[in-house]
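What follows is one structure encoded as structure tokens, with my remarks underneath.
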Amino acid sequence: MRSLSIALAVARKDLASEWRTRELVPALAQFVVLALVIANFGFQFDSRTAPAIAPGVLWMTLVFAGLVAFGRAFAAEREQASLEAMLLTPAAPAAIFAGKALAAALLLVVCEAVLLPALALFFNVPLSFEVVSAVLLATIGMAVLGCLFAAMVARVRARELLLPLLTLPLWIPFIVIGGQAVQVGMGAGSGGTSSATSLLIDLDILFVVLTSLVARFVLDD
Amino acid sequence: MRSLSIALAVARKDLASEWRTRELVPALAQFVVLALVIANFGFQFDSRTAPAIAPGVLWMTLVFAGLVAFGRAFAAEREQASLEAMLLTPAAPAAIFAGKALAAALLLVVCEAVLLPALALFFNVPLSFEVVSAVLLATIGMAVLGCLFAAMVARVRARELLLPLLTLPLWIPFIVIGGQAVQVGMGAGSGGTSSATSLLIDLDILFVVLTSLVARFVLDD
Amino acid sequence: MTSRLNVFEKAALGAVALMVVAAGFIFVFAPQDALQGPVQRIFYLHVSSAIAAYGCFAVVLIGGIVYLWKENPTADRLARAGALVGLVFTTVTLVMGMIWAKPIWGTFWTWDARLTSTLVLWIIYAGYLMVRRLAEPGRQAARFAAVVGIFGFIDVPVVHFSVTWWRTVHPGPVVINDALPAEMLVAFLITMACTLFLAAVMIAIRYRIEVLTDQAADRIVAAAVAVPSKAGSTR
Amino acid sequence: MSAVVASALSQRFGIEVALDAVDLTVDTGEHLAVLGENGAGKTTLLRIIATAARPTSGSIAIFGLDASSERRRLRARIGYVAHTPGLYLALSAAENLEFFCALQGVDRGRVAEVLDLVGLGDVAGRPAGKLSRGAQQRLAIGRAVLHDPALLVLDEPDASLDSGGADLLARVMRDRTAVIATHDHALANRLCPRTMELRHGRVAGVPTRLRIVQ
Amino acid sequence: MSAVVASALSQRFGIEVALDAVDLTVDTGEHLAVLGENGAGKTTLLRIIATAARPTSGSIAIFGLDASSERRRLRARIGYVAHTPGLYLALSAAENLEFFCALQGVDRGRVAEVLDLVGLGDVAGRPAGKLSRGAQQRLAIGRAVLHDPALLVLDEPDASLDSGGADLLARVMRDRTAVIATHDHALANRLCPRTMELRHGRVAGVPTRLRIVQ
Ligand code: HEM
Ligand SMILES: Nc1ncnc2c1ncn2[C@@H]1O[C@H](COP(=O)(O)OP(=O)(O)OP(=O)(O)O)[C@@H](O)[C@H]1O
Ligand SMILES: Nc1ncnc2c1ncn2[C@@H]1O[C@H](COP(=O)(O)OP(=O)(O)OP(=O)(O)O)[C@@H](O)[C@H]1O
Ligand SMILES: [Mg+2]
Ligand SMILES: [Mg+2]
């Protein structure tokens, strides 16, 4: 109970800080649209190749947006040395961590809420329930992992670069399985999505449990 | 003369700081390789589609790596409030700016030195002189623009999100023209690369001149 | 009764009236397009608002340059007003174009050079307004925004010439090439004149709002300063 | 019972020895000032007492609990002010404290009380980033006493505080055990009956371990 | 000639008035201490004198040059120490100074001299991020006098300095004009023949503009 209220307080504090800038959602939306524009220029893109390329663009954008979002999750803390002040309270590090992951995941969901319709609109691919659920399920696991490593790298040097380094390898399962699900959902590739979905759920559970077990080693020292 | 030596001192300082952390070059390299791996899983990829997809992967990776690198260009400064100390000297803001852009561009070149061979290896596409020169020429313009806006956003709130927003639209010309040149160089698309090359040079000149004119408004106030 | 309206209100009424006139030309005077049918009537506002947007962004450019040069707050306020109004007209062009595209091309969007560059234009000036808001108000915001406005204007010629520089799905120039029937041309020119007037009025009103906002801030400060000083004088 | 009992605390950073076999006992309710030149090891010692760092060797017990294994329980009873205020600059002064109320499990009603205590009642709604340096320091002090800790660890808390600062410090230290580091000897003497000087990581005036062994 | 002549300096942050019509003259070679409570406007005033900020209204001339149009020339003659040291934490103390030598166009030979002056000769090779807070402050002071400026602007330079700090400050201020903000009245009286107090953004004891008008 106490842990839950701490997690919520942390998430609320993060979102309030973001909200002060008032521009978060529009900025994310524009970032996403720009990524699509760039993808369009980079790839030789037409109606024939769209279902093959669109999932790749979706995941590349999501991965980079995620890295930005999770990097930001601990940015305010490390710049102002307030992380230490937060850790020097009796609050459980795992609860603090959960709060930060929650806030970051919400930001990523906002990002997806823009990315998916934009992708459907601009790339003219169908947007099915399978696609949305695959993306959301992948978000959970990606968020806990991303925050774990963001917390770790916030305390070392060259963190902007270290974050992708630690995070990307562990995101790969989500990208591979989620990518498959999305490709099928968009009409390319083969095989069912139900197995992919249950695999994503398994992965989420695995990483949430693992992360909550190790969070205190990362945040406390 | 004096400006040149200041620019070199700033670039040297930045590179020395990066070198002290020792994590930059390997981290950038791994960042690039991981991006390729993601692309590999995200896209439906075979020998037929490779020349159409490889340039897109190249530019998307370069763009995101560039955003990270240029964001970092002013990261140490803003975190330690040393930017102000540097600006409160008689050194010309344009010279300081040039030094920072130079250092960031060099980092990006290091990134490319990993990315291009890795791309050729993973995607099995040829790596011609045209491809390399197009990428390097695009780097110049992208670096001055990226640094200009990085200097700007270092001094406002919500900077992680504002940087891509301002930078990406103006990078598009480089991505479009460079992308064409690379596609031709990799055996897809049509038309010559020489016109693309001269266009890239024109763009570089345009942006270097414009940026050096406005740099003092961004760095001095 | 009219005497109670100030000059801005009169101008706004005039602009609205003119837009009604333009609507008359669009829907009554102009002939129906043989191939496309009624949807072609989008053309008039679609193109006019694009040109109005160019004009607004030119105001942003010039205001920015003048501000950097002379530090003239008027120039900055004009630029601020121009960016917002220009963004509105770009939005109109985009939305009109997308509505037009659905019946003609069978899709709302395609990655055509004209369409893409227009979208980028929208993003650039949305970024401009965002810089304004996030930077420290006053000098810093004005300077940063001016720089964005100068670089951002590069996209305006790109949008305009995109149809000649690249092969596009979007139609090329028809007005300049005399490809319009005379009645359509008249309707277009009148719509354009009315739209440009509307844009000018919107900029003027927005400019006025900016002036009043700045003054209000001054007045609040003056009040805040006056109170303790009076208290001090009785000491 | 002693509030702090540390024995043979050493802290090394690479080959640099910041703290060298420091023994220390602080009684409950006692106020101790740690003095010493720049680089003497004051911050290093205070961070260990505040459970913000672990010593390379040596042991430390606070309120009878081992500081390395009972960190979490201890933290509810310790308030720490570091060299940097460590605030959320986008949040207002009151919001900063409210957040820490949630972390400490303290009622929010305490916020107004603490803001008054540190003299920030007027600027409670202003973002912490827009406060003057001294006001930020006051806010950091307020945060340290939010949960009514039994032990206060203050690292140069007088930094940037104006002439009312000494009174403020006396007020927050009253009825608590306190260890403060400062360079202001007058302040140290005023606030603390006992002072201790560090010199190159050792307690001045105490023979070094090496000499004891000899 | 006066070193600093400021008239009717005002600084607003939004609707907050941090400085309200402050007039100030500092003679060449004079040492002036600016006192005042937290939030009185000391930092705001010093930043304007150091050309790090521009006043919302009012004018300021330094060595006869207008501070808003001749910033670059003036900066070669001003040394400024801010609330935060603003160092490159990955670079060593010596490298920090060498870099600023390049920016100031000063010979590198000066680095060793300055390091000795501020008492950092021993730790010249250590990364600035690993120096104690006081050592960082010394380095910031050293950087401010690197180019032998005629005017020193020091914002609470005594922060974290040990007992040798007052002598150090006296040493760097000798033969220069200096404006320093501090809360330590004893130090102010020792270093500066003249002090001035700010109160809510106004010079204490001077009638406000409003009253003059009335
Ligand atoms: C989202 C979709 C669209 C966008 C963003 C767009 C954008 C623009 C812009 C910016 C202009 C002004 C160009 C200039 O004069 O510099 C323009 C003109 C024009 N547009 Fe579109 N457009 C879109 C869709 C369409 C569609 C579907 C049609 C009809 C097939 C169309 C027909 C025209 C025509 C005829 C002109 C006038 C060309 C001239 O005479 O210069 N547009 N469009
Ligand atoms: N960026 C800012 N935005 C809004 N208000 C500010 C800003 N900077 C300073 N202020 C306000 O201006 C006033 C003067 O601040 P200043 O930092 O000059 O005080 P000071 O005398 O240096 O105080 P201290 O002794 O605490 O350092 C304060 O009320 C402060 O809150
Ligand atoms: N992270 C670190 N890495 C390396 N050396 C360090 C580190 N932190 C502190 N030191 C060194 O340890 C010694 C003691 O530092 P400490 O910060 O405890 O001094 P201090 O007494 O607090 O000084 P000050 O009065 O300047 O704050 C110094 O020589 C310092 O350089
Ligand atoms: Mg210390
Ligand atoms: Mg101050």
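Tabulated values for the structure
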| quantity | calculated |
| --- | --- |
| Number of positions in the stretch A:188-221 that are more than 30 Å from D:Ala53 (Cα to Cα), modelled with pLDDT under 70 and in a helix (DSSP H, G or I) | 1 |
| Residue in the stretch E:41-48 that is part of a loop (DSSP other than H, G, I, E, B), crowded, with 21+ Cβ neighbours inside 10 Å and of a type in the set (A, V, I, L, M, F, W, C) present | no |
| Subset tally (residues that are away from chain A (no Cβ under 12 Å) and either within 16 Å of ligand 5 (Cβ to nearest atom) or of a type in the set (A, V, I, L, M, F, W, C) (or both)) for the stretch D:47-56 | 1 |
| Number of positions in the stretch B:98-123 that are buried (at least 20 other Cβ atoms within 10 Å of the Cβ) and within 12 Å of another protein chain (Cβ to nearest Cβ) | 3 |
| Residue check, A:Ile53 within 14 Å of chain B (Cβ to nearest Cβ) and either modelled with pLDDT under 80 or over 18 Å from A:Ala16 (Cα atoms) (or both) | yes |
| Residues satisfying the stated conditions in the stretch C:139-152, i.e. touching a Pro at 6+ places or on another chain (Cβ under 9 Å) and either over 11 Å from B:Leu166 (Cα atoms) or at pLDDT below 85 (or both) | C:Ala142 |
| Helices (runs of 4 or more DSSP H) (entirely within the stretch C:77-172) containing at least 3 residues that are within 16 Å of ligand 2 (Cβ to nearest atom) | C:139-152 |
| Of all residues in the stretch D:133-160 being assigned to a loop (DSSP other than H, G, I, E, B) and away from ligand 4 (no atom under 16 Å from the Cβ), the one that is nearest to D:Ser92 (Cα to Cα) | D:Leu146 |
| Residues within the stretch E:84-105 that are within 16 Å of ligand 4 (Cβ to nearest atom) and either within 7 Å of another protein chain (Cβ to nearest Cβ) or part of a helix (DSSP H, G or I) (or both), tallied | 3 |
| Single residue of the stretch B:76-94 satisfying the filter (surrounded by fewer than 23 Cβ atoms within 10 Å (Cβ to Cβ), among the small types (Gly, Ala, Ser) and under 16 Å from B:Leu8 (Cα atoms)) that is nearest to the other protein chains (Cβ to nearest Cβ) | B:Ala92 |
| Residue in the stretch C:124-133 that is surrounded by fewer than 17 Cβ atoms within 10 Å (Cβ to Cβ) and facing another protein chain (nearest Cβ under 9 Å) present | yes |
| Residue in the stretch C:154-174 that is small (Gly, Ala, Ser) and away from every other protein chain (no Cβ under 14 Å) present | yes |
| Test: residue in the stretch E:71-82 that is within 16 Å of ligand 3 (Cβ to nearest atom), within 23 Å of E:Gly41 (Cα to Cα) and within 18 Å of the chain's Cα centre (by Cα) | yes |
| Per-region count, the stretch D:109-130, residues over 25 Å from E:Val17 (Cα atoms) and either modelled with pLDDT under 90 or crowded, with 17+ Cβ neighbours inside 10 Å (or both) | 3 |
| Failed condition for D:Ser57, given (1) closer than 30 Å to D:Ala21 by Cβ; (2) surrounded by fewer than 22 Cβ atoms within 10 Å (Cβ to Cβ); (3) within 20 Å of the chain's Cα centre (by Cα) | (3) |
| Check on E:Thr51, surrounded by fewer than 21 Cβ atoms within 10 Å (Cβ to Cβ), more than 16 Å from ligand 1 (Cβ to nearest atom), polar (S, T, N, Q) and farther than 12 Å from E:Leu198 by Cβ | no |
| Answer residue from the stretch C:19-40, given it is of a type in the set (S, T, N, Q) and assigned to a loop (DSSP other than H, G, I, E, B) and is surrounded by the most Cβ atoms within 10 Å (Cβ to Cβ) among those | C:Gln36 |
| Residue match in the stretch C:100-112 (condition: within 14 Å of chain B (Cβ to nearest Cβ) and modelled with pLDDT of 95 or more) | no |
| Test: residue in the stretch B:172-183 that is polar (S, T, N, Q), in a helix (DSSP H, G or I) and at pLDDT 85 or above | no |
| Matching residues in the stretch C:58-77 - criterion: being touching a Phe, Trp or Tyr at 6+ places or on another chain (Cβ under 6 Å) and either under 18 Å from C:Met130 (Cα atoms) or basic (Lys, Arg) (or both) | C:Leu61, C:Asp76, C:Arg77 |
| Boolean, D:Phe63 is more than 29 Å from E:Ser163 (Cα to Cα), within 12 Å of another protein chain (Cβ to nearest Cβ) and aromatic (Phe, Trp, Tyr) | no |
| When residues of the stretch C:77-104 are limited to those that are among the charged types (D, E, K, R) and under 16 Å from the mean Cα position of the chain (by Cα), the one surrounded by the fewest Cβ atoms within 10 Å (Cβ to Cβ) | C:Arg77 |
| Yes/no for E:Gln137 being at negative phi and within 16 Å of ligand 5 (Cβ to nearest atom) | yes |
| In the stretch E:2-22, the residues that are away from ligand 5 (no atom under 16 Å from the Cβ), assigned to a strand (DSSP E or B) and not aliphatic (A, V, I, L, M) | E:Ser2, E:Ser7, E:Ser10, E:Arg12, E:Asp20 |
| Those residues of the stretch D:8-18 which are touching a residue at least 24 places away in the same chain (Cβ under 8 Å) and over 19 Å from the mean Cα position of the chain (by Cα), in sequence order | D:Ala8, D:Arg12, D:Val17 |
| Single condition D:Ala204 does not satisfy, out of (1) out of contact with any helix residue (DSSP H, G or I) (no Cβ under 9 Å at 6 or more places or on another chain); (2) at pLDDT 90 or above | (2) |
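To keep it simple, each residue is scored yes or no on (1) touching a strand residue (DSSP E or B) at 6+ places or on another chain (Cβ under 7 Å); (2) within 25 Å of E:Ser160 (Cα to Cα); (3) within 16 Å of ligand 1 (Cβ to nearest atom).
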site	(1), (2), (3)
D:Gly39	no, yes, no
D:Thr44	yes, yes, no
D:Thr56	yes, no, no
D:Ile60	yes, no, no
D:Gly79	yes, yes, no
D:Ala82	yes, yes, no
D:Arg108	no, no, no
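Residues are listed down the side, and each one gets a yes or a no for (1) within 16 Å of ligand 5 (Cβ to nearest atom); (2) in contact (Cβ under 8 Å) with a residue 24 or more places away in the chain; (3) buried (at least 23 other Cβ atoms within 10 Å of the Cβ):
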{"position": "D:Ala150", "(1), (2), (3)": "no, yes, no"}
{"position": "D:Leu168", "(1), (2), (3)": "no, yes, no"}
{"position": "D:Arg174", "(1), (2), (3)": "no, no, no"}
{"position": "D:Thr182", "(1), (2), (3)": "no, yes, yes"}
{"position": "D:His185", "(1), (2), (3)": "no, yes, no"}
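The values are calculated or read from the model by the stated rules, or taken from the named source; none is laboratory data. Everything numeric here is computed off the predicted structure, so don't read it as measured data. Neighbour counts run over all protein chains shown; Cβ positions are idealised from the backbone, glycine included.
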